[in-house]
1. Compute the orientation-averaged projected area for the stretch 206-312 from the convex hull of its Cα atoms and round it to one decimal in nm².
2. Expressed as an acute angle from 0 to 90° and rounded to the nearest 10, what is the orientation of the C-alpha long axis of helix 322-332 relative to the principal long axis of the chain?
3. When the Kirkwood hydrodynamic radius is evaluated over all pairs of different C-alpha atoms of the stretch 118-184, what value in angstrom, to one decimal, is obtained?
4. Give the calculated FRET efficiency between residue 269 and residue 345 to the nearest 0.05, with a Förster radius of 41 Å applied to their Cβ-Cβ distance.
5. So if each residue of separation counts as 0.36 nm, and I subtract the Cα-Cα distance between residue 80 and residue 252, what length gain in nm does that give?
6. Using 0.36 nm per residue of separation minus the Cα-Cα distance, give me the extension gain between residue 215 and residue 288 in nm, one decimal.
7. How do the peptides 189-202, 271-284, 223-236 rank, highest first, by the average count of neighbouring beta carbon atoms within 10 Å per residue?
8. What is the calculated FRET efficiency for residue 116 to residue 320, with r their C-beta to C-beta distance and R₀ = 45 Å, to the nearest 0.05?
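Bear in mind these aren't lab numbers, they're just calculated from the coordinates by the rules spelled out. Given the structure is predicted, the values throughout are model-derived calculations rather than measurements. Positions of Cβ are generated from backbone atoms using ideal geometry, with glycine treated the same way; all protein chains shown enter the neighbour counts.
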């Protein structure tokens with residue numbers, strides 16, 4: 001289980017009431033667009049999100065093309081950027097603000113899960129922008145890119161953006177998030193733009209993916225009653241996993257673990273009862289649980305053997321960190337229902353930052369349907385999301401001075 005990452009100055013943190021009061025103080029005039037030529041709210045975010053969605057980044061070629069566009073976009077705005085290679089795919093980093101200043105890390109990914117061809121043709125319906133990756137997380141990435149451009153002239157906070165090509169991948173080692181932190185992409189606080197509907201995700205489930213071999217008994221396909229069908233038996237095994245004790249655990253932020261049957265691989269002839277079946281089971285376990293204990297429970301199932309596993313630890317950050325509270329205060333300006341700290345069912349690269357002691361949260365715009373057929377993001381929330389992060393970063397120097405923190 002991931003350790004709770006703390007800011008190191010909790011004893012001197014401003015109170016919640018002080019942060020709420022700070023949230024009501026007028027902010028400096030916004031950098032960026034010329035006030036004599038005001039933009040339509042959401043128009044910049046929408047246009048950039050549509051460009052990103054149009055790249056089919058479920059493929060390696062699409063990832064390379066999209067990363068090339070992002071690099072060109074940053075260069076055209078005089079934002080310092082560079083790219084490094086990871087298994088032939090580009091990892092992009094960009095920075096604004098002075099080195100040595102308090103540093104906020106922004107993190108995004110351009111890869112998406114596969115979708116239908118029409119999902120890579122962005123479609124607008126009212127406030128909703130539909131398309132693969134709109135919510136997870138090209139909409140957020142569009143806003144993060146614009147945040148970096150908005151803040152390129154300020155001189156009090158170092159803001160660094162890291163964009164990885166493999167957040168959705170099943171690789172357990174040599175991941176983009178780990179490459180970032182191991183190459184020096186570190187700071188005082190990190191925000192990854194995963195979907196949270198403008199709430200602040202202070203905990204995320206861990207990942208335990210298992211490939212299980214389920215055994216049966218072969219027979220001729222014309223006499224299936226003489227054998228035991230391993231594919232049908234595998235379905236029973238999956239139902240058994242759902243009934244194991246770990247599956248009913250709950251915690252303060254989570255109702256239960258998530259368990260999904262993602263793949264079935266079985267049978268080698270149409271006219272033969274299959275005697276072997278492999279199933280890939282995706283378990284998202286609670287921060288309070290241990291993968292070894294889950295595997296021990298799975299091992300009690302009959303005719304089942306764990307062949308291989310893939311795991312990522314859960315993410316947990318202190319909700320009372322000055323950075324978390326300041327981000328909640330900034331988001332409250334743009335959130336009609338109030339901002340809360342939430343737990344996220346999905347995993348994220350926040351664990352890469354937590355591994356090296358950088359407090360990291362998930363924070364993203366409003367939307368729905370990620371990984372599904374009708375994925376969408378709210379255009380209005382993309383504008384609010386952009387403004388929230390700018391507000392948060394601009395307010396940081398005064399808050400850190402109050403708390404007595406240095407860079």
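1. Details: hull surface 26.6 nm².
Its average projected convex-hull area is 6.6 nm².
2. 80
3. Computed over the stretch 118-184, the radius equals 14.5 Å.
4. Working: r = 39 Å, r/R0 = 0.95.
It comes to 0.55.
5. Contour length minus the Cα-Cα distance gives 57.7 nm.
6. Fully extending the segment from residue 215 to residue 288 adds 23.1 nm.
7. Going by the mean number of other Cβ atoms within 10 Å, highest first, we get 189-202, 271-284, 223-236.
8. 0.55
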